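Undergrad: Quick one: the structure is below, questions incoming.
The values are calculated or read from the model by the stated rules, or taken from the named source; none is laboratory data. This one's a predicted model, so the numbers in the text were calculated from it and none came from an experiment. For neighbour counting, all protein chains shown are included, and Cβ atoms are generated from backbone atoms with ideal geometry for every residue, glycine included. To get the accessible areas, we keep the full protein, side chains included, count just its heavy atoms, and leave off ligands, DNA and RNA. Shrake-Rupley method; radii C 1.70, N 1.55, O 1.52, S 1.80 Å.
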Amino acid sequence: MTEPGLPDVPCQEFVELVTEYLDGALTNDIVARIDAHLGECPGCRRVLAQWGEVIRVTGRLTETEVDHLDPDTRSELMTAFRRRQSS
Amino acid sequence: MAARVERRRWWTVAAEHIDYSNDSTLVEQLRAGDEHAFAWLLDRYDSALRRLARTFVATAASADEVVQETWLAVIEGIDRFERRSSLKTWIYRILMNKARTRGVRDKRAVVFSAMSPATDGLGPTFPPDRFLPPDHADWPGHWAVEPSAWETLPPERLEARETLAEVRNAIDGLPPTHRAVITLRDLDGWSSEEVCDLLDLTPANQRVLLHRARARVRAALETYFEAVTT
């Protein structure tokens with residue numbers, strides 16, 4: 001399945017390494033083994049794609065969870081900032 | 001009002017032309033009393049600070065108070081800020097200290113470190129029965145039940161409000177340190193180094209926490225997509 005000399009990464013191991021793989025935190029050796037595995041394994045390619053979606057969709061929470069500072073608190077804080085200047 | 005305008009120094013008049021994203025400019029402007037600079041800082045960080053505070057204290061009201069105390073400490077302390085870290089990190093450190101104090105007062109003390117994956121109760125990324133057993137003749141540890149292809153879902157499914165609600169639920173169900181890590185990395189876009197620095201985590205531990213948090217979100221979405229498409 002994989003290139004000769006490159007021991008395969010079982011799917012069960014790969015799924016625990018996805019974040020490190022994406023963060024560039026793995027050694028060249030294991031990255032080469034993972035790349036070879038991904039070339040052969042549609043299931044693990046799906047996991048990688050799902051990971052991308054998880055990150056993208058999680059990032060979208062900041063768009064929907066708009067949480068404006070309450071105007072009274074904001075003006076209190078601005079007042080405190082001004083007061084620091086004059087003290 | 002007029003008096004205040006006159007008291008402003010000349011550079012605050014042109015505040016809209018100042019690049020506040022530059023830390024040293026921003027600190028200078030804050031020290032000089034530039035209100036635009038402080039307003040910029042509030043707009044930039046207040047909502048993210050409250051989001052993080054909520055992972056550590058019991059109620060939204062507590063989180064609001066912790067963040068307000070943080071801002072007052074920033075106002076109070078900006079002259080003493082020594083630039084050994086970025087201004088952002090300095091503000092977040094103040095937040096963490098306030099949250100700790102508040103956690104103690106609320107009897108909800110949060111242990112920020114000592115969150116080991118072995119004890120977080122989250123389990124592996126996929127249940128073991130999704131894979132062939134270790135003694136399988138040909139493919140030990142390979143897929144028994146492959147993950148589904150999300151790219152075949154209707155595109156609007158991934159963008160739906162309900163999908164985002166599932167993500168939020170999954171994150172809210174995580175232990176506090178996992179929540180803090182995924183919040184900073186995937187919502188606020190922090191680097192691994194920044195997160196390690198703020199939460200006192202090793203890079204390896206930080207990645208494990210992030211991975212396990214993302215795994216929880218992935219599993220929640222998988223369950224949800226299966227429920228709505230069958």
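Undergrad: Give the range B:127-170 a look and list any residue that's touching a residue at least 12 places away in the same chain (Cβ under 8 Å), in contact with a strand residue (DSSP E or B) (Cβ under 9 Å, 6 or more places away or on another chain) and at the interface with another protein chain (Cβ under 7 Å from one of its Cβ atoms), or say none.
TA: B:Phe131, B:Trp143, listed by residue number.
Undergrad: Right, next: If I filter the range A:54-87 down to residues being among the charged types (D, E, K, R) and over 30 Å from B:Thr163 (Cβ atoms), which single residue comes out as most open to solvent (accessible area, probe 1.4 Å)?
TA: The residue in question is A:Arg83.
Undergrad: If you don't mind, another one. I'd like to verify a number: residues in the range B:135-171 that are touching a Ser or Thr at 6+ places or on another chain (Cβ under 9 Å), in a helix (DSSP H, G or I) and either among the charged types (D, E, K, R) or modelled with pLDDT under 90 (or both), how many?
TA: Summing the residues that are touching a Ser or Thr at 6+ places or on another chain (Cβ under 9 Å), in a helix (DSSP H, G or I) and either among the charged types (D, E, K, R) or modelled with pLDDT under 90 (or both) in the range B:135-171 gives 4.
Undergrad: Pick out the one residue from A:Gly39, A:Gly43 that is surrounded by fewer than 17 Cβ atoms within 10 Å (Cβ to Cβ), within 27 Å of the chain's Cα centre (by Cα) and in a helix (DSSP H, G or I).
TA: A:Gly39
Undergrad: Ok, one more. If you go through the range B:216-228 one residue at a time, how many are within 13 Å of B:Gly173 (Cβ to Cβ) and open to solvent by less than 10 Å² (accessible area, probe 1.4 Å)?
TA: Number satisfying all stated conditions: 1.
Conditions tested, residue by residue: (1) touching a Leu at 6+ places or on another chain (Cβ under 6 Å); (2) closer than 24 Å to A:Ala25 by Cα; (3) in a helix (DSSP H, G or I).
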{"site": "B:His178", "(1), (2), (3)": "yes, yes, yes"}
{"site": "B:Trp190", "(1), (2), (3)": "yes, yes, no"}
{"site": "B:Leu198", "(1), (2), (3)": "no, yes, yes"}
{"site": "B:Leu209", "(1), (2), (3)": "no, yes, yes"}
{"site": "B:Ala219", "(1), (2), (3)": "no, yes, yes"}
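Undergrad: What are the residue pairs meeting all of these: first residue in the range A:38-63, first residue over 26 Å from B:Arg44 (Cβ atoms) and facing chain B (nearest Cβ under 7 Å), second residue open to solvent by 10 Å² or more (accessible area, probe 1.4 Å) and of a type in the set (A, V, I, L, M), Cβ atoms under 7 Å, and 6 or more apart or on different chains?
TA: A:Arg46/B:Ala149; A:Trp51/A:Leu22; A:Glu53/B:Leu158
Undergrad: Next up: Quick one: in the range B:30-51, of everything that is in contact with an Asp or Glu (Cβ under 8 Å, 6 or more places away or on another chain), in contact (Cβ under 8 Å) with a residue 24 or more places away in the chain and not charged (D, E, K, R), which residue is surrounded by the fewest Cβ atoms within 10 Å (Cβ to Cβ)?
TA: Restricting to residues being in contact with an Asp or Glu (Cβ under 8 Å, 6 or more places away or on another chain), in contact (Cβ under 8 Å) with a residue 24 or more places away in the chain and not charged (D, E, K, R), the top hit is B:His36.
Undergrad: Moving on to the next point. Can we say B:Trp139 is over 25 Å from the mean Cα position of the chain (by Cα) and buried (at least 19 other Cβ atoms within 10 Å of the Cβ)?
TA: Criteria not met by B:Trp139.
Undergrad: Quick one: how many residues across the range B:72-104 are free of Cβ contacts under 8 Å to residues at least 24 places away in the same chain and within 14 Å of another protein chain (Cβ to nearest Cβ)?
TA: 4
Undergrad: How many residues are touching a helix residue (DSSP H, G or I) at 6+ places or on another chain (Cβ under 9 Å) and in a loop (DSSP other than H, G, I, E, B) if we restrict to the range A:46-87?
TA: 7
Undergrad: Still on this model: So, in the range B:25-38, how many residues would count as being part of a helix (DSSP H, G or I) and more than 7 Å from chain A (Cβ to nearest Cβ)?
TA: Residues meeting the conditions: 9.
Undergrad: For A:Pro7, which of the numbered conditions (1) within 7 Å of chain B (Cβ to nearest Cβ); (2) assigned to a loop (DSSP other than H, G, I, E, B); (3) at pLDDT below 95 fails to hold?
TA: (1)
Undergrad: Just checking, does the range B:159-169 include any residue being touching an Asp or Glu at 6+ places or on another chain (Cβ under 9 Å) and under 24 Å from B:Arg50 (Cα atoms)?
TA: Yes, the range B:159-169 has at least one match.
Undergrad: Restricting attention to the range B:55-92, which residues are surrounded by fewer than 22 Cβ atoms within 10 Å (Cβ to Cβ) and over 23 Å from B:Asp34 (Cα atoms)?
TA: Passing the criteria: B:Ala58, B:Thr59, B:Ala60, B:Ala61, B:Ser62, B:Asp64, B:Glu65.
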